[in-house]
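Remarks on the structure that follows.
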Amino acid sequence: MTSSPKHPDTSRIDDIAQREADIMTTFVAPTTAPRTERTEPKAPATVSHTVYARPGTADSIVPLKTRYDNFIGGDWVKPVKGEYAEDLAPATGLPIAEFPRSTVGDIDLAVAAAKSAFRGWAATTTVDRAAVLIAIADRLQEHFEQIAVLESWENGKPVRETLGADIPLAIDHFRYFAAAIRTQEGSIKKLTNELVSYHFYEPIGVVAQIIPWNFPILMAAWKLAPAIAAGNTVVLKPASATPISILYVMELIQDLLPAGVINVINGSGSALGQPLVEHDDIGKVAFTGSTVTGREIMGYAQKNIIPTTMEFGGKSPNLFFDDVAREKDDYYVKAIEGFAMFAMNKGEICSCPSRALLQDGLIASGFLEDAIARVKKISVGNPLDTATEMGPQNSLDQLTKIGGYLKLGPEEGAKVLTGGARAEMSGDYAGGYFIEPTVFQGTNDMRVFQEEIFGPVVTVASFSDFDEAIEIANDTIYGLGSGVWSRDTDISFAAAQRIKAGRVWVNTYNQYPAGAGFGGYKQSGYGRETDQQTLNNYQEVKNVLDNHDPKPLGFFA
């Protein structure tokens, strides 16, 4: 067996963070030399598709305001200092709408509103809270298409994903936690004939929730649903790259909630993160984002010794064993799709299958060639066209960072199998943040294998046997997602046991149903979301020890 070379610095997240920062300065902007313009991708003639009008335009199903305020205490509140910033559309780089550039004063208002609402909301019955969650789900379902179109345009992800995954999953999470809170039970145990122990679950109080830009609605649902189901009130801080979609949702559901139960403040994470988390009236923090930022948030939470749940980055392995290619059947096609899943949401997924590990026989059999052929067919273009399979990256910063890795890969010896450059578009899409789906082939010690690129880039390495596959898979500081592809259930079962990751997909990938706990090992974070156990993240456990013996204990009687 050949051992996987060890990356010399994988134990130091600070070093990786610095290298990632350095990468962002190396990307050379696209050449202005004459070139053949890439036309908008078209679906095959036999496939019908829809091209949605851009939100806020005359023909759009999504009416937008030119400026949004913070949502505090059930009202729309202007930022204390009156400052706003522009939300840009990733497909064009042009403004969508303005959002508040909040400061500490806005945090104080939001936390005060949440604190004021807590006593009343915590006192409601689980039946009543469940009814509110179901009403929210119903309202989102009524406006499902509008929300999907807006999130697609604001984030850049293809609308087929928001229609088919993001928004349906968000809706389902509110329904799931409506059921979860009604079915949650405490415990009672008779320790002796006279001594009885009771355990009750109680809400924590005001919860700070900081959500990322890659799934602005779904990540909000993952956190809001269990938090308010458990009886907490929330101050939500969306990412400044995607602030408008959640504000749009709050407009739709504001009449369903008691004032102050959910409050939304917008602005720079660097300016708001510390004062929000360190606020004396915050009782718990939930964060999804980078490992570097998460460590800072954890440090802030230590001030008041409050609980945290953290979901960080990943460099997820996707293992394909030789028997995948035994037949060219539906399973084989599904496995090819599993390889191409790195391009879902433009690769901007913490658990993106960004390391494809193929057993030697798959490379010889043509599986890799077939996988590359499928990647080359991925249509990149207008995210509001349902025929588009991959939209633009979320921001110029992301475009620059990914571009740096596209340059780095060949420099450190990785072979470019397809892609490797900025995807050039025509019209006003030329100002968008488009990247070609990219496949590198190399070895696991390369930086492009070890560092989270957070873009549509997959690195391919080979392995000879089961033990080497597991060794390479676990050779990373991260442990969020992973995938195993094999027709042999003994192989897939054994691999799932030995991979060090919080989620192991077997013969599938990128499914996130409610009821399946999601979270990380190692430097991918801690705590679980999307499952009934998530309620525990937002609850205190109270023990009542009841002594029914009329006699004194005897120590001081």
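Gain on full extension, evaluated as 0.36 nm per residue between Lys542 and Arg67 minus their Cα-Cα distance, stands at 166.5 nm.
Using 0.36 nm per residue and subtracting the Cα-Cα separation, the extra length available between Leu195 and Thr50 on full extension is 45.6 nm.
Taking 0.36 nm per residue of sequence separation and removing the Cα-Cα distance, the Thr418/Arg326 pair yields an extension gain of 30.6 nm. Relative contact order, whole percent, for the stretch 361-454 stands at 27, derived from Cα pairs under 8 Å and 6 or more residues apart. From helices alone, the chain scores -10000 deg cm²/dmol at 222 nm; the rule is -39500 (n - 2.57) for each run of n ≥ 4 DSSP H residues, then divide by the residue total. Candidates Asn193, Ser486, Ile246 compared by Cα position along the dipole of the chain: farthest toward the positive end lies Asn193, with charges placed on Cβ.
Each residue of the stretch 212-222 was assigned a 3J(HN,Hα) from its phi angle through the Karplus expression (A = 6.51, B = -1.76, C = 1.60, θ = phi - 60°), giving x, 8, 7, 9, x, 8, 5, 5, 5, 5, 4 Hz with x at Gly and Pro.
The long axis of helix 126-142 is offset from the longest Cα principal axis of the chain by roughly 30 degrees. By the rule of a C-alpha distance below 22 Å, with chain neighbours fewer than 8 residues away ignored, the lysines paired with Lys551 are Lys189, Lys190.
With the cut-off at 1.5 for a/c, could you classify the stretch 64-185 from its C-alpha gyration tensor as rounded, prolate or oblate? Note, shape of the stretch 64-185 comes out oblate.
Take 319-330, 344-355 and order them by the average number of nearby Cβ atoms within 10 Å per residue, most first; the result is 344-355, 319-330.
When you count the other C-beta atoms within 10 angstrom of each residue and take the mean per peptide, 454-463, 506-515, 277-286 line up highest first as 454-463, 277-286, 506-515. A protection proxy built from the mean count of other Cβ atoms within 10 Å ranks the segments 206-218, 544-556, most packed first, as 206-218, 544-556.
With point charges of +1 on the Cβ of Lys and Arg and -1 on the Cβ of Asp and Glu, referenced to the Cα centre of the chain, which listed residue (Ser462, Ala364, Gly527) lies farthest in the positive direction of the dipole? Working it through, the farthest residue towards the positive pole turns out to be Gly527. With a simple spin-label model that places each label point 7 Å from the Cα along the Cα-to-Cβ direction, the separation between Thr508 and Ala364 comes to 3.3 nm. Each of [x] 42, 26, 21; [y] 40, 31, 22; [z] 47, 42, 23 is a candidate for semi-axes √(5λ) of the Cα gyration tensor in Å; the one calculated from this structure is [y]. Relative to the longest principal axis of the Cα atoms of the chain, the long axis of helix 396-411 makes an angle of roughly 50 degrees.
Ranking Gly74, Ala114, Ser102 by how far each Cα lies toward the positive end of the dipole of the stretch 47-176 (charges on Cβ) leaves Ala114 at the top. Rounded to the nearest 10 degrees, the inclination of helix 104-123 to the longest alpha-carbon principal axis of the chain is 60 degrees. Relative to the Cα centre, the charge distribution of the stretch 209-337, modelled as +1 at Lys and Arg Cβ and -1 at Asp and Glu Cβ, gives a dipole magnitude of about 320 debye.
Only Lys, Arg, Asp and Glu carry charge here, each on its Cβ (+1 for the first two, -1 for the last two); on that basis the chain has a dipole of about 480 debye about its Cα centre. The relative contact order of the chain, computed from alpha carbon pairs under 8 Å that lie at least 6 residues apart in sequence, is 20 percent. Here the chain exposes an accessible surface that is 52 percent carbon and sulfur, computed with a 1.4 Å probe and the other protein chains kept in place. The distance linking the stretch 115-142 with the stretch 225-250 is 14 Å (Cα centroid to Cα centroid, whole angstrom). Think of each Lys and Arg Cβ as +1 and each Asp and Glu Cβ as -1; about the Cα centre, that makes the dipole of the stretch 70-199 roughly 620 debye. For the set Lys315/Lys407; Lys115/Lys303; Lys115/Lys237; Lys328/Lys500; Lys223/Lys522; Lys401/Lys500, the pairs lying more than 24 angstrom apart at their alpha carbons are Lys328/Lys500; Lys401/Lys500.
The values are calculated or read from the model by the stated rules, or taken from the named source; none is laboratory data. What you see is a predicted model, and the numbers here were worked out from it, not measured in a lab. Cβ sites come from the backbone with ideal geometry, for glycine too, and all protein chains shown count toward neighbours. Remember, those area values only see protein heavy atoms, side chains included, never the ligands or the DNA or RNA. Shrake-Rupley method; radii C 1.70, N 1.55, O 1.52, S 1.80 Å.
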